[in-house]
Amino acid sequence: MSPEQKKFLKNLKLTKYKVIFLQIAILVIFLGLWEFLTFKGIISPFIYSSPSKIFSTIIDLIHSHNFFIHIYITLKEVLIAFFLGISLGFIIALILYEWKFLAKVIDPYLTMFNSLPKVALGPLIIIAGGANIKSVILMALLINLIISIITIYNGFLCTDEYCFKLFKTLHATKLQTLLYLVIPNSYQTIITSLKLCLSQTLVGVLMGEFLVSKQGIGYLIVYGKQVFNLNIVMSGIIILALISYILYKFITILEKKLLKHI
Amino acid sequence: MNNLIEIHNITKNYHTKEGEISAIKDFNLNLKKGEIVSIVGPSGCGKSTLLSIIANLDSDYQGEIIQHNLKIAYMLQNAALLPYLTIYENAILGLKINHQLTKENLAYVDYLFDLYNLNDFKNNYPKSLSGGMKQRIALIRTLSLKPDLLLLDEPFSALDEQSKLIISEDVYKIIKEKNITAILVTHNIEEAIYFSDKIVVLSKRPAIIKNIISINCENNTSIYERRKDPNFHKYFDTIWKDLDINES
Ligand SMILES: Nc1ncnc2c1ncn2[C@@H]1O[C@H](COP(=O)(O)OP(=O)(O)O)[C@@H](O)[C@H]1O
Ligand SMILES: [Mg+2]
């Protein structure tokens, strides 16, 4: 290896370390400042809590409030709603793609439903489904399904005309064209729709838990608000941020695998 | 004499919202086994339409095509390799789609990879290849189906000058060696001359045959030799006049 190449690789590594260092530094400074300002009373510790209080609250929650059950419930709702949303979205997008006539017919309804703030349906869902996990999942599904359908369907539509011609010259059947061309060609959009679906699912689940649930992080936040313990509210938010970060990370790993060569 | 394929009175109209477009009018052509015919004509005159009809991809036309279970393969202007498949997977796509992944056919694919020095790239992905190499993969994909009749729709026109010569030599050699019958569509007059035994010159849309010219070269071993033929310029001039660039 030439000295220049060595230097180049070294620089590359150095940049990577710098980025990680700064990321950690930002977190430490943020938490430190937060702790300091609330400790000094410059901002109200009652409203904004503080890192140390959040930490002790989480320990406390684990002991007294079955904290892990709340996490488990929320995670379960998110995962079920996410996979349902993505797979139903995929199937419906496929049906619309294969049956363009139907797609044309229901287009205005899709648009209308897409722009409707689905939260408005919340009260309806509670009365119809009751205060349980199913209602929360239904709420999330209402929010994430439409966006999954629309993005995946548009991904299918983006297939290259020229590749279609190639498949025609090879006398491919409709199913083969779908399996070897249309679907693999949409990997990029499918990944995008996974990301969109995940964020929409989190919104839906939280919304659902706010409205109906007796368990879950959303419930914990509402509970914290009701008893004026904002440490609980903050702890809920922090855990939620962690969960969404980890789930998002899974999707990026999948993305790297799937799109390696494209 | 026995014809491999006879094309009689092909007429084709496209129907669009804007109205009817007449693409081809009364096209006739007979091909014997091993013959190479070029079709030249201005762009948009209906050449691709004609190939689609011959390839049986389009059955909406008037006229008659007589052939007996010919295996027809079609090579397009762009390689259209699928980015998410390896070079090798792309090369055998035609066989896979047609359920012909037999030992014998795969051995033939290996032979072609050898022939074109592409062995080292088998497990690479298309984005790492040059335009010429991509078109070679497309050629392997087309040839792997062992066609009786090979349809080439401007397969060299997207390539740079050097790759164009190399790839057309590859194609010329293999169709001569395997005695494949071929129809080459091109708007490049020289390419048509050094490639073919017969050139059909088409008019502007709707494509009508303006002239059919037989090409006889002394040395047929390669397109390089054919380019040196003393009659090359004479053929060129004839076709140039037939194409009539100034025709309004
Ligand atoms: N699917 C189609 N529908 C309507 N018109 C078409 C279609 N395909 C081609 N055409 C028209 O037919 C004419 C011939 O097209 P084409 O065969 O592709 O020409 P060439 O290959 O000679 O450039 C063009 O004017 C083109 O606009
Ligand atoms: Mg064309």
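Hey, could you check region B:160-188 for residues that are within 16 Å of ligand 2 (Cβ to nearest atom) and not in a strand (DSSP E or B) and say which is nearest to B:Leu115 (Cα to Cα)?
Just the residues of region B:160-188 that are within 16 Å of ligand 2 (Cβ to nearest atom), to begin with: B:183-188.
Now drop any that are not not in a strand (DSSP E or B), which leaves B:187-188.
On the way: B:His187: 28, B:Asn188: 27 Å.
Once the filter is applied, the top-ranked residue is B:Asn188.
Kindly list the number of the only condition in (1) closer than 20 Å to B:Ala23 by Cβ; (2) within 14 Å of ligand 1 (Cβ to nearest atom) that fails for B:Asn211.
Of everything listed in (1) closer than 20 Å to B:Ala23 by Cβ; (2) within 14 Å of ligand 1 (Cβ to nearest atom), B:Asn211 misses just condition (2).
Please work out which residue is nearest to the other protein chains (Cβ to nearest Cβ), limiting yourself to region A:130-189 and to residues that are farther than 30 Å from B:Met75 by Cα and among the polar types (S, T, N, Q).
It comes out as A:Thr151.
Quick one: how many residues across region B:84-104 are more than 21 Å from A:Ser186 (Cα to Cα), of a type in the set (A, V, I, L, M) and surrounded by 15 or more Cβ atoms within 10 Å (Cβ to Cβ)?
Looking only at that region, the number is 3.
Take region B:46-83 and flag every residue that is within 16 Å of ligand 2 (Cβ to nearest atom) and open to solvent by 40 Å² or more (accessible area, probe 1.4 Å).
B:Ser48, B:Gln77, B:Asn78
Can you name the residue in region B:220-248 that is in a loop (DSSP other than H, G, I, E, B) and surrounded by 11 or more Cβ atoms within 10 Å (Cβ to Cβ) and is also modelled with the lowest pLDDT among such residues?
Checking each candidate, the answer is B:Asp244.
Here are some conditions: (1) buried (at least 19 other Cβ atoms within 10 Å of the Cβ); (2) more than 18 Å from B:Asp153 (Cβ to Cβ). B:Ser196 meets all but one. Which one does it not meet?
Among (1) buried (at least 19 other Cβ atoms within 10 Å of the Cβ); (2) more than 18 Å from B:Asp153 (Cβ to Cβ), B:Ser196 violates only (2).
If you check B:Lys96 against the conditions, is it at pLDDT 95 or above, away from ligand 1 (no atom under 16 Å from the Cβ) and of a type in the set (Lys, Arg)? Let's see the steps before the verdict.
Details: at pLDDT 95 or above: yes; away from ligand 1 (no atom under 16 Å from the Cβ): yes; of a type in the set (Lys, Arg): yes.
In short, yes.
Yes or no, residue by residue, for (1) in the same structural domain as A:Tyr153 (by TED's automatic domain parsing); (2) of a type in the set (Gly, Ala, Ser); (3) assigned to a helix (DSSP H, G or I); (4) open to solvent by 20 Å² or more (accessible area, probe 1.4 Å):
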{"position": "A:Tyr180", "(1), (2), (3), (4)": "yes, no, yes, yes"}
{"position": "A:Pro184", "(1), (2), (3), (4)": "yes, no, yes, no"}
{"position": "A:Gln188", "(1), (2), (3), (4)": "yes, no, yes, yes"}
{"position": "A:Thr192", "(1), (2), (3), (4)": "yes, no, yes, yes"}
{"position": "A:Lys195", "(1), (2), (3), (4)": "yes, no, yes, yes"}
{"position": "A:Thr201", "(1), (2), (3), (4)": "yes, no, yes, no"}
{"position": "A:Gly204", "(1), (2), (3), (4)": "yes, yes, yes, no"}
{"position": "A:Gly208", "(1), (2), (3), (4)": "yes, yes, yes, no"}
{"position": "A:Lys214", "(1), (2), (3), (4)": "yes, no, no, yes"}
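Quick check on region B:31-48: of everything there that is under 16 Å from B:Ala73 (Cα atoms) and over 13 Å from the mean Cα position of the chain (by Cα), which residue is nearest to ligand 1 (Cβ to nearest atom)?
B:Leu31
With the structure loaded, tell me whether A:Thr173 is in contact (Cβ under 8 Å) with a residue 40 or more places away in the chain, at negative phi and assigned by TED's automatic domain parsing to the domain that holds A:Leu61 or whether it fails that test.
The answer is no for A:Thr173.
Does region A:112-127 hold any residues that are open to solvent by 80 Å² or more (accessible area, probe 1.4 Å) and modelled with pLDDT of 85 or more, and which are they?
If the condition is that a residue be open to solvent by 80 Å² or more (accessible area, probe 1.4 Å) and modelled with pLDDT of 85 or more, then A:Met112, A:Ser115, A:Pro117, A:Leu124 are the ones that fit.
Quick one: count up the residues across region A:10-39 that are closer than 18 Å to A:Asn231 by Cβ and over 31 Å from the mean Cα position of the chain (by Cα).
4
Taking helices (runs of 4 or more DSSP H) that fall entirely within region A:1-120, which contain at least 1 residues that are within 24 Å of A:Leu240 (Cα to Cα)?
Numbers: elements: A:3-39, A:45-48, A:51-64, A:67-98, A:100-115.
Counting at least 1 such residues, we get A:3-39, A:45-48, A:51-64, A:67-98.
Could you tell me which residue of region B:57-103 is farthest from the chain's Cα centre (by Cα), considering only residues that are more than 15 Å from B:Met133 (Cα to Cα) and among the aromatic types (Phe, Trp, Tyr)?
Only one residue tops the list, namely B:Tyr84.
Which of the residues belonging to region B:140-158 are more than 16 Å from ligand 2 (Cβ to nearest atom) and assigned to a loop (DSSP other than H, G, I, E, B)?
B:Ser144, B:Leu145, B:Lys146, B:Pro147, B:Asp148
Provide a single number: the residues in region B:15-35 that are surrounded by 15 or more Cβ atoms within 10 Å (Cβ to Cβ) and under 20 Å from B:Asn56 (Cβ atoms). Talk me through it step by step, then tell me what you get.
To start, the set of residues in region B:15-35 that are surrounded by 15 or more Cβ atoms within 10 Å (Cβ to Cβ) comprises B:23-25, B:27, B:29-31, B:35.
From what's left, under 20 Å from B:Asn56 (Cβ atoms): B:23-24, B:27, B:29-31, B:35.
So the answer is 7.
Working carefully through the options B:Asn124, B:Asn78, B:Asn119, find the one that is within 10 Å of chain A (Cβ to nearest Cβ) and more than 23 Å from A:Gln176 (Cβ to Cβ). I'd like the intermediate steps shown before the answer.
Working: B:Asn78 fails: more than 23 Å from A:Gln176 (Cβ to Cβ); B:Asn119 fails: within 10 Å of chain A (Cβ to nearest Cβ).
Only one candidate qualifies: B:Asn124.
For A:Tyr162, are the conditions met, namely being surrounded by fewer than 16 Cβ atoms within 10 Å (Cβ to Cβ), in contact with a Leu (Cβ under 9 Å, 6 or more places away or on another chain) and modelled with pLDDT of 90 or more?
Criteria met by A:Tyr162.
Determine whether region B:4-23 contains at least one residue that is out of contact with any strand residue (DSSP E or B) (no Cβ under 9 Å at 6 or more places or on another chain), more than 14 Å from chain A (Cβ to nearest Cβ), more than 15 Å from ligand 2 (Cβ to nearest atom) and among the polar types (S, T, N, Q).
yes
The values are calculated or read from the model by the stated rules, or taken from the named source; none is laboratory data. Being a predicted model, the structure only gives us computed values, none of them experimental. Please note: Cβ atoms are built from the backbone with ideal geometry, for glycine as well, and neighbour counts cover all protein chains shown. Keep in mind that these areas ignore ligands, DNA and RNA; they rest on the heavy atoms of the full protein, side chains included. Shrake-Rupley method; radii C 1.70, N 1.55, O 1.52, S 1.80 Å.
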